[in-house]
1. Is there a residue being among the basic types (Lys, Arg), surrounded by 13 or more Cβ atoms within 10 Å (Cβ to Cβ), touching a residue at least 12 places away in the same chain (Cβ under 8 Å) and in contact with a helix residue (DSSP H, G or I) (Cβ under 6 Å, 6 or more places away or on another chain) anywhere in segment 250-272?
2. Sort out which residues of segment 1-33 are among the hydroxyl-bearing types (Ser, Thr, Tyr) and over 24 Å from Gly176 (Cβ atoms), and write them in order of number.
3. Answer yes or no: is there a residue in segment 96-109 that is of a type in the set (A, V, I, L, M) and in a helix (DSSP H, G or I).
4. For segment 40-57, indicate whether the set of residues that are crowded, with 24+ Cβ neighbours inside 10 Å, out of contact with any Leu (no Cβ under 8 Å at 6 or more places or on another chain) and not hydrophobic (A, V, I, L, M, F, W, C) is non-empty.
5. Considering only residues that are in a strand (DSSP E or B) and among the aliphatic types (A, V, I, L, M), look in segment 224-259 and name the one that is nearest to Gly160 (Cα to Cα).
Amino acid sequence: MDMTDLKIKATRIRMDVLRMIHRAKAGHTGGSLSNTDILTALYYRVMRINPANPKWPDRDRFIASKGHAVESLWCILADLGFFPKEELDTFCQFGTRLIGHPNNKVPGIEMNTGALGHGLSIAVGMALAAKRDGKGYRVFCLMGDGEQAEGSVWEAAMAGAHYGLDNLVGIIDRNGLQISGSTEDVMAIEPLDTKWKAFGWHVVAVDGHDMDALVKVLESAPEVPGKPTLVLARTVKARGVSFAENIPGWHHHVPNDEELQRALAELAAYEAQLKREGGRAEA
């Protein structure tokens, strides 16, 4: 996909996320919308994956450490054909596979996650296994910024640098908010870039909604041989819905009927703009 197609895809995924959460009357809206561009860049452009063979040994691995924001990941996996898109209608319903956190009973999910602070440790193990097995796959791990208060994150960071895991890419969805407010008010974590550098990682800061920049950064890792990469992605909570952006209450707010229609109208207008700018025919 080129950049225009990726941006259109991310916009459509956001619409799917909102519809799914509205239908289920449950979900983490804000963080799923903030990480949508990151996941779109990874799954549609950067990672080596095969929906027809989810356990392909040479696939790149993705760990959603911020597992509560799984909605965008479910929508992307369904869109790519890892499971039928109709299954999104069962999200958070009794007996579904599509629960509110990643579930490795679903094709495309490597590990169950949700207890914050565990994902990077899993990713370190996978990256170390690749090195020792002589495999060329990369491991990507998406973390939340509130998650940076977890001590296990920093234990894993030390291990990643110690073992020289340049096949490991950590990504922080730095939207600045968590369930109870600003990350800096709850538990100050800045300066994140300096801290990760001190732990031996190569750090790259990027606008987490700039698709061109995201693709460039994620495709180029590793930039420094022998060092894991940390992508510090500056994002906006509930990105794409103007009346929800940067509002802590939208962490897991479920849009009502009127909010859903307003949000979908905004996103549809943005998609139309992208098509005009990219010379795409209206579909």
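Since every read-out is calculated from the coordinates, none of them should be taken as a lab result. Please read all numbers here as calculations on a predicted model, not as lab measurements. Note that we place each Cβ from the backbone using ideal geometry, even for glycine, and neighbour counts take in every protein chain shown.
1. no
2. Passing the criteria: only Thr4.
3. no
4. no
5. This residue is Leu230.
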